[in-house]
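A short worksheet on the structure shown next.
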Amino acid sequence: MVKEDSEKSSSENEELYEVERIQVDPGQQLLRIDKFLSTRLPHVSRSKLQQAAKANCLEVNGKAVKPNYKVKPNDEIVLFLPYQREEFELLPENIPLDIVYEDEELLVINKPAGLVVHPGHGNYTGTLVNALAYHFENLPARGQDDRPGLVHRLDKNTSGLMVIAKTEFSMAHLAKQFFDRTTDRRYHALVWGEPEAEGTIEGHLGRSPKNRKLMTVFPDGDYGKAAITHFKMLQSFGYVSLVECKLQTGRTHQIRAHFKYIGHPLFGDPEYGGDRILKGTIYNKYKQFVENNLRILPRQALHAKTLGFTHPTKGEFMHFNSEWPEDLKDVLGNWENYAKHRAIE
């Protein structure tokens, strides 16, 4: 299993490195290390692995090895890769923005589902950052990041509120609020089943050993980063429920991974198992009903409903609320009607 998530560290000359640490399973058969790692690290090409080994950047049990080294059970593997920011030109694009609030220091937007927040991993155009570059000039950026104005993010298919900094001062002020966890972020999620009336989900989140694009919970806390999600039930529809989630931490895929962990994946979530029937009857009519709703909402049913923070210059706590997007609103209405009809029958 993977013992530790990939990490980025900086040397004195600001060169960044990505470090992958993997512990080989006890039952692992002998296998060339480049082949072994190519299955565990799909984002790293085999040629890149071989070059890293040749540069003595691949170690097993503390010693550099070559690409033909055969991994053995319980080996401790450490792979060092230069973290190279992909060079690309940030092109301003006239993408409409749903601006909820704006002043000289910041703006709050309502991000639609399907909009990638920042360029990277094949999405170099059509992102929120491309839109910001078109509508605003000289937005601040943090360090070496090509992410002007961003102090937090939402997944591509999560809709809802985001705050964007327009000045260096606001960037620093808002970033510290997110770091200190003094912001108020509340999400609405439609989940499978019926969780408790309210509760807290705790469990370290780290990259899944089976799929590095997904996050998984490590309850023992020996890997990943601490993550805490508070939730309360808003409405039960029998087979699915609407819950409000309040983030105490803001990890990648936190709500999605946490609710899968407690057995209530988000409705429609294709990556965490919510895009199929998990609760309900065996009747064909019900199957058609669920499949119709999955077509209406072919994404995780997750919306950043409210956002609160202290204004960097005014000093007042500002609180914003957003309406559900149409796809989520339609699906919630369908489930509400379904639950009413079930109660009558």
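The values are calculated or read from the model by the stated rules, or taken from the named source; none is laboratory data. Since the structure is predicted, the reported quantities are computational estimates derived from the model, not experimental observations. Cβ coordinates were reconstructed from backbone atoms using ideal geometry, including for glycine residues, and neighbour counts include every protein chain displayed. Heads up: the accessible areas ignore ligands, DNA and RNA and are worked out on the full protein's heavy atoms, side chains in. Shrake-Rupley method; radii C 1.70, N 1.55, O 1.52, S 1.80 Å.
Summing +1 for each Lys or Arg and -1 for each Asp or Glu, what net charge is found among the other residues whose Cβ lies under 11 Å from the Cβ of LYS232? Let's see the in-between values first.
Values: positive: ARG186, LYS246; negative: GLU196, GLU198, GLU244.
Net charge around LYS232: -1.
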(request) Enumerate the calculated ³J(HN,Hα) couplings along segment 178-185 in order (Karplus 6.51 cos²θ - 1.76 cosθ + 1.60, θ = phi - 60°), each rounded to whole Hz, writing x wherever the residue is Gly or Pro. (result) 5, 5, 7, 6, 9, 7, 10, 10
(request) With a probe of 1.4 Å, find how much accessible area the chain has per residue, and write the answer as a whole number in Å². (result) 52 Å²
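Per the Kirkwood definition applied to all pairs of different Cα atoms, how many angstroms is the hydrodynamic radius of the chain? Walk me through the numbers on the way to the answer.
Values: mean 1/r = 0.0447 Å⁻¹.
For the chain, the Kirkwood estimate is 22.4 Å.
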(request) Lys and Arg at +1, Asp and Glu at -1: add these up for the other residues within a Cβ distance under 15 Å of LYS314 and post the number. (result) -4
(message) Assuming 0.36 nm per residue, please report the length gained on full extension of the stretch MET318 to THR252 beyond their Cα-Cα distance.
(response) 21.3 nm
(message) Residue by residue through segment 26-43, what is 3J(HN,Hα) from phi via Karplus (6.51 cos²θ - 1.76 cosθ + 1.60, θ = phi - 60°)? Round to whole Hz and write x for glycine and proline.
(response) x, x, 5, 7, 4, 7, 3, 5, 5, 5, 4, 6, 5, 7, 7, 10, x, 7
(message) Quick one: 3J(HN,Hα) in Hz for segment 188-202, Karplus 6.51/-1.76/1.60 with θ = phi - 60°, rounded, Gly and Pro as x.
(response) 9, 9, 9, 10, 6, x, 10, x, 5, 4, 7, x, 10, 9, 10
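How would HIS319, HIS135, HIS258 rank on accessible area, largest to smallest, probe 1.4 Å?
Details: HIS319 105, HIS135 75, HIS258 0 Å².
The ordering from most to least exposed comes out as HIS319, HIS135, HIS258.
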(request) Pick out, from PHE179, ILE109, ASN61, the residue whose Cα sits farthest towards the positive end of the charge dipole of the chain, with +1 on the Cβ of Lys and Arg and -1 on the Cβ of Asp and Glu. (result) ASN61
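Per DSSP H run of n ≥ 4, the term is -39500 (n - 2.57); total these for the chain, divide by its residue number, and report the mean residue ellipticity at 222 nm rounded to 500 deg cm²/dmol.
Working: 7 runs with 78 residues, N = 345.
Calculated at 222 nm, the ellipticity per residue is -7000 deg cm²/dmol.
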(request) Decide, for segment 188-341, between rounded, prolate and oblate: order the square roots of the alpha carbon gyration tensor eigenvalues as a ≥ b ≥ c, take rounded if a/c falls under 1.5, and otherwise choose prolate if a/b is larger than b/c, else oblate. (result) oblate
(request) Wrap a convex hull around the Cα atoms of segment 171-251, take a quarter of its surface area, and give that in square nanometres. (result) 6.8 nm²
(request) Count the net charge of all other residues whose Cβ sits under 11 Å from the Cβ of ASP98, scoring Lys and Arg as +1 and Asp and Glu as -1. (result) 0
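Given charges of +1 on the Cβ of Lys and Arg and -1 on the Cβ of Asp and Glu, with all other atoms neutral, how large is the dipole of segment 209-345 about its Cα centre, in debye to the nearest 20? Intermediate results must be reported in sequence, preceding the final value.
Numbers: 20 positive and 14 negative charges, 60 e Å.
The calculated dipole for segment 209-345 is roughly 280 debye.
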(request) Could you list the GluC sites (Glu not before Pro) in segment 171-218 that lie in coil according to DSSP, counting only those with at most 16 other Cβ atoms within 10 Å of their Cβ? (result) GLU196
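Given +1 on the Cβ of Lys and Arg, -1 on the Cβ of Asp and Glu, and no further charges, what dipole in debye does the chain carry about its Cα centre, rounded to the nearest 20?
Working: 45 positive and 47 negative charges, 304 e Å.
Dipole magnitude for the chain comes out near 1460 debye.
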(message) When the expected Rg is taken as 2.2 N^0.38 Å, what fraction or multiple of it is the alpha-carbon Rg of segment 220-273?
(response) 1.20
(request) Starting from 0 in steps of 5 Å, tell me what percent of the Cα-Cα pairs of segment 277-345 lands in each bin. (result) 3, 13, 18, 18, 13, 9, 8, 6, 5, 4, 2, 1
(message) Of PRO119, THR200, LEU307, which is farthest towards the positive pole of the chain's charge dipole, taken about the Cα centre with +1 and -1 on the beta-carbons of Lys, Arg and Asp, Glu respectively?
(response) THR200
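Do the alpha carbons of any pairs in LYS54/LYS225; LYS232/LYS314; LYS35/LYS213; LYS213/LYS246; LYS213/LYS314; LYS246/LYS285 sit beyond 30 Å of each other, and which pairs?
Numbers: LYS54/LYS225 32 Å; LYS232/LYS314 32 Å; LYS35/LYS213 19 Å; LYS213/LYS246 24 Å; LYS213/LYS314 40 Å; LYS246/LYS285 35 Å.
The pairs that break the limit, which is 30 Å between Cα atoms, are LYS54/LYS225; LYS232/LYS314; LYS213/LYS314; LYS246/LYS285.
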